[in-house]
Structure formats: structure tokens, C-alpha cells
Amino acid sequence: MKLYDLKVKTNKGEEVSLKNYEGKVLVIVNTATGCGFTPQYKGLEELYQKYNKDGLEILDFPCNQFGHQAPGEDNEIQEFCTAKYNTTFPRFTKIDVNGENESEVFTVCKNEQPIEEIKGLKNKTAMKMISKISTTCKKENDIKWNFTKFVVDREGNVVGRYAPTSEPSEMEKQITELL
């Protein structure tokens with residue numbers, strides 16, 4: 001199964017084929033509005049504003065699996081993100097990223113990039129703590145927490161996985177190389 005074969009639902013409930021994003025560089029991220037990492041929306045939007053014209057798309061998938069930190073309905077999440085962080089990139093309906101009901105998008109991403117690189121002692125310590133409280137993380141390649149970011153090249157290959165502790169700017173070098 002490839003990413004471009006999949007369909008997802010927008011935050012308005014409309015079905016969209018990921019084939020619509022063929023030829024673009026993608027960042028696929030699971031998000032939450034009540035997480036300590038929520039300020040990363042600002043960095044994601046900065047990347048989107050800087051590189052969207054060159055072919056970057058950021059695909060935002062809210063997820064409530066980690067500490068119930070995305071409790072709102074899709075419209076409430078949209079309203080929060082646009083009001084607080086002025087986000088303009090596509091947002092999809094709330095999904096699961098691990099377990100029995102996980103989104104096929106994240107199954108593909110996790111299979112193609114099973115391990116995230118965690119840089120720095122502070123980030124390694126934070127991720128060790130997060131892993132202890134992440135109740136939905138059962139398999140080695142499972143998503144550990146909100147704001148796990150995947151980079152996808154123009155051919156639809158998942159070529160990078162960034163930990164929740166990684167700031168969006170840490171993806172910029174890889175993104176520009178792919179653009």
C-alpha cells in the first residue's frame with residue numbers, strides 16, 4: 001500500500017485522495033490542541049508559508065490518543081488553530097494513529113519510517129518520560145506522542161520521521177533538499 005492510494009476525510013467530512021498531493025513534498029503530522037507541543041503549530045505554519053509556493057504541503061491530522069489532548073470536534077480544532085496560530089495548511093478529521101483503528105496513512109508512514117531520530121539529551125529524556133505515559137504505544141514503530149512528523153518526497157516515499165520533541169525547523173534542511 002502506498003500513500004497515494006489512500007483517501008482521507010477533511011475536517012469538513014469530505015473525502016480526499018492523497019493522489020491530489022502527488023508531486024508535492026509533504027509533512028504529515030499528528031497534532032493536539034492541548035499538548036505541551038501545540039506551539040509547534042507556529043513553526044509548521046512558518047514552513048508552510050515559506051515553502052508552499054515551491055511545492056510543500058503540511059497535512060495535519062488531529063489525534064486524541066495521547067493524554068486526551070485533542071478533545072474538541074473537528075470544527076473546534078480548526079477554529080482554535082486558525083485563531084491562535086493562524087494556520088492555513090490542510091487539516092483533516094480527527095483520527096487514531098496507533099492500534100486497531102489507526103489511520104492507514106499512519107500505518108504506511110510508520111512502516112516506511114519505523115524509527116524517529118531523537119537529538120540531544122533533553123529531548124531523549126523527554127521522550128523517555130513520554131514513552132512511559134503513552135498508553136497506546138504498543139509496538140516498536142508506534143507513534144509515541146502528539147506532533148510526530150513524517151516527511152514525504154515528491155514520489156510519495158516516507159523519507160523522514162521526527163520526534164514530538166523535534167521542532168518543525170529541524171525538518172527544513174530535508175524539506176529544502178527535496179523541493
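Would you mind telling me the antiparallel percentage of the DSSP bridges in region 1-102, rounded to 5?
On the way: 4 of 14 bridges.
If I count the DSSP bridges inside region 1-102, around 30 percent turn out antiparallel.
Treat every Asp and Glu Cβ in the chain as -1 and every Lys and Arg Cβ as +1, leave all other atoms uncharged, and give the resulting dipole magnitude about the Cα centre to the nearest 20 debye. If you can, show how the numbers build up before the last one.
On the way: 25 positive and 28 negative charges, 106 e Å.
Dipole magnitude for the chain comes out near 520 debye.
Are there GluC sites (Glu not before Pro) in region 1-71 that DSSP marks as loop and that have at most 11 other Cβ atoms within 10 Å, and which are they? Intermediate results must be reported in sequence, preceding the final value.
Numbers: sites: 14, 15, 22, 45, 46, 57; in loops: 14, 22.
Taking region 1-71 and a limit of 11 other Cβ atoms within 10 Å, the loop GluC sites (Glu not before Pro) found are 14.
Could you work out the local net charge near residue 44, counting Lys and Arg as +1, Asp and Glu as -1, over the other residues with Cβ closer than 9 Å to its Cβ? List each step's numbers first, then the result.
Numbers: positive: 42, 149; negative: 45, 46, 60.
Within the 9 Å Cβ shell, the charges total -1.
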With every atom except the alpha carbons ignored, what do you get for Rg and Dmax of the chain, in angstroms? 14.8, 42
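At most 15 other Cβ atoms within 10 Å and a DSSP loop assignment: could you name the trypsin sites (Lys or Arg not before Pro) in region 99-148 that fit? Kindly include the intermediate steps, with their values, before the conclusion.
Values: sites: 110, 119, 122, 124, 128, 132, 138, 139, 144; in loops: 119, 138, 139, 144.
Qualifying residues, ordered by number: 119, 138, 139.
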If you take the charge dipole of region 111-178 about its Cα centre, with +1 on Lys and Arg Cβ and -1 on Asp and Glu Cβ, which of 130, 169, 146 is farthest toward its positive end? 130
Using unit Cβ charges (K, R positive; D, E negative) and no other charged atoms, how large, in debye to the nearest 20, is the dipole of region 100-154 about its Cα centre? 440
Cα pair distances in region 109-179, grouped into 10 Å bins until the bin that holds the longest one, percent each: 20, 51, 25, 5
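Return the percentage of antiparallel bridges among DSSP beta bridges fully within the chain, rounded to the nearest 5 %.
Numbers: 12 of 23 bridges.
Restricted to the chain, the bridges split so that about 50 percent are antiparallel.
Given Cα pairs under 8 Å that are at least 6 residues apart, what percent is the relative contact order of region 88-179? Don't skip to the answer; put the middle values down first.
On the way: 94 pairs, mean separation 25.4, N = 92.
Dividing the mean separation by the residue count of region 88-179 yields 28 percent.
Let me check against my output: what whole-number percent is the relative contact order of region 1-150, with C-alpha pairs under 8 Å and at least 6 apart? Working shown, then result.
Details: 228 pairs, mean separation 42.9, N = 150.
The normalised contact order for region 1-150 reaches 29 percent.
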Residue-normalised accessible area of the chain, expressed per residue, 1.4 Å probe, Å²: 49
From the cross-link list 7/110; 94/124; 12/119, the entries with a Cα-Cα span beyond 26 Å are 94/124; 12/119
At a 1.4 Å probe, what is the % contribution of carbon and sulfur to the accessible area of region 1-85? 47
Considering the alpha-carbon set of region 74-155 alone, what are its Rg and its Dmax in angstrom? 14.6, 38
Sites matching trypsin sites (Lys or Arg not before Pro) across region 28-109 that sit in DSSP coil, with at most 15 neighbouring C-beta atoms within 10 Å: none
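The values are calculated or read from the model by the stated rules, or taken from the named source; none is laboratory data. Remember, predicted model here, so these are calculated numbers, not experimental data. No Cβ is skipped: glycine too gets one built from the backbone with ideal geometry, and neighbour counts run over all protein chains shown. Remember, those area values only see protein heavy atoms, side chains included, never the ligands or the DNA or RNA. Shrake-Rupley method; radii C 1.70, N 1.55, O 1.52, S 1.80 Å.
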